[in-house]
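Let me begin by presenting the structure, written as structure tokens, before commenting on it.
The values are calculated or read from the model by the stated rules, or taken from the named source; none is laboratory data. Bear in mind that the values here come from a model prediction, so they are computed numbers and not experimental data. In this analysis, Cβ positions are derived from the backbone assuming ideal geometry, glycine residues included, and neighbour counts consider all displayed protein chains.
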Amino acid sequence: MGKSDYRRPAEKIDMALEERAIRRDTSIAFLVTVAAYFGAYRLLPKVFEFPQDVAHALGLAAIVWAVPALILMIAILMVSTGRRYSAADIGGQAAGSPSETLAVRAAFLQNTLEQTVLAAGFYFALAALARGPWLALLPAAAALFVVGRTLFFFGYTRGAKGRSLGMSLTMLPSAVGYLVLLWLLLFGA
């Protein structure tokens with residue numbers, strides 16, 4: 001997975017460098033999210049008819065939410081499989097901190113669970129509130145979730161600067177989505 005910078009002692013971390021990398025990656029992820037949402041809103045309704053009633057829109061949200069849920073299941077399997085084959089980890093979380101081998105997987109699982117819950121709130125609230133092209137944001141958000149989780153996992157051992165783009169590409173679609181929800185609540189579709 002790369003060099004293990006995530007376990008460096010605090011005094012060896014260049015916080016200014018880490019912060020610049022996080023800001024850069026968050027800015028990139030924000031632009032990618034806005035572009036993906038704009039593109040989905042404009043293009044997907046030309047090739048797919050989005051639901052016009054609440055029940056079908058909620059059904060779409062459930063189907064799309066299966067993507068983050070699948071990533072969560074993969075993360076769970078990564079941890080449980082890692083525990084099964086590690087004497088240091090077979091006792092489970094209550095037995096102590098995870099071994100070096102399992103630590104990144106456990107952190108990935110914890111963060112993926114958090115992000116999956118945030119995504120679910122956005123997906124289902126959008127489906128309850130919006131119709132038509134607004135629902136195109138759902139598959140765009142799910143696609144960004146997959147990309148974000150992949151980058152987060154493979155960048156994790158490089159420290160904050162290694163996981164920041166993945167974290168941002170996972171979280172910002174939900175964060176921007178909640179702003180879209182607020183806009184729709186205040187001003188309508």
Problem set entry | Selected residue (criterion: modelled with the lowest pLDDT) from residues of the stretch 78-96 that are surrounded by fewer than 19 Cβ atoms within 10 Å (Cβ to Cβ) and aliphatic (A, V, I, L, M) | Ala94
Problem set entry | Meets criteria (at pLDDT 95 or above, aliphatic (A, V, I, L, M) and closer than 23 Å to Leu165 by Cβ) for Ala66 | no
Problem set entry | Answer from Tyr85, Tyr123, Tyr41 - the residue that is within 15 Å of the chain's Cα centre (by Cα) and of a type outside the set (S, T, N, Q) | Tyr123
Problem set entry | Test result for Phe145, at pLDDT 95 or above, of a type in the set (Phe, Trp, Tyr) and in contact with a Gly (Cβ under 7 Å, 6 or more places away or on another chain) | no
Exercise. So which of Ala21, Ala75 is surrounded by 15 or more Cβ atoms within 10 Å (Cβ to Cβ) and in contact with a Phe, Trp or Tyr (Cβ under 7 Å, 6 or more places away or on another chain)?
Worked result: Ala75
Problem set entry | Residues of the stretch 107-130 classified as in contact with a Pro (Cβ under 7 Å, 6 or more places away or on another chain) and either modelled with pLDDT under 95 or within 14 Å of Leu179 (Cα to Cα) (or both), total | 1
Exercise. Does at least one position in the stretch 49-58 carry a residue that is at pLDDT 95 or above, of a type in the set (Phe, Trp, Tyr) and over 23 Å from the mean Cα position of the chain (by Cα)?
Worked result: yes
Problem set entry | Restricting the stretch 24-67 to residues that are surrounded by fewer than 17 Cβ atoms within 10 Å (Cβ to Cβ) and among the aromatic types (Phe, Trp, Tyr), the residue that is farthest from Thr150 (Cα to Cα) | Phe48
Exercise. Can you pull out the residues in the stretch 148-183 that are at pLDDT below 95 and either aliphatic (A, V, I, L, M) or over 30 Å from Ala103 (Cβ atoms) (or both)?
Worked result: Ala160
For this session: Could you list all residues from the stretch 95-128 that are in contact with a helix residue (DSSP H, G or I) (Cβ under 8 Å, 6 or more places away or on another chain), over 26 Å from Arg158 (Cα atoms) and among the small types (Gly, Ala, Ser)?
Result: Ala120, Gly121, Ala125, Ala127, Ala128
Exercise. Exactly one of (1) under 30 Å from Leu102 (Cα atoms); (2) buried (at least 18 other Cβ atoms within 10 Å of the Cβ) is unmet by Leu70. Its number?
Worked result: (2)
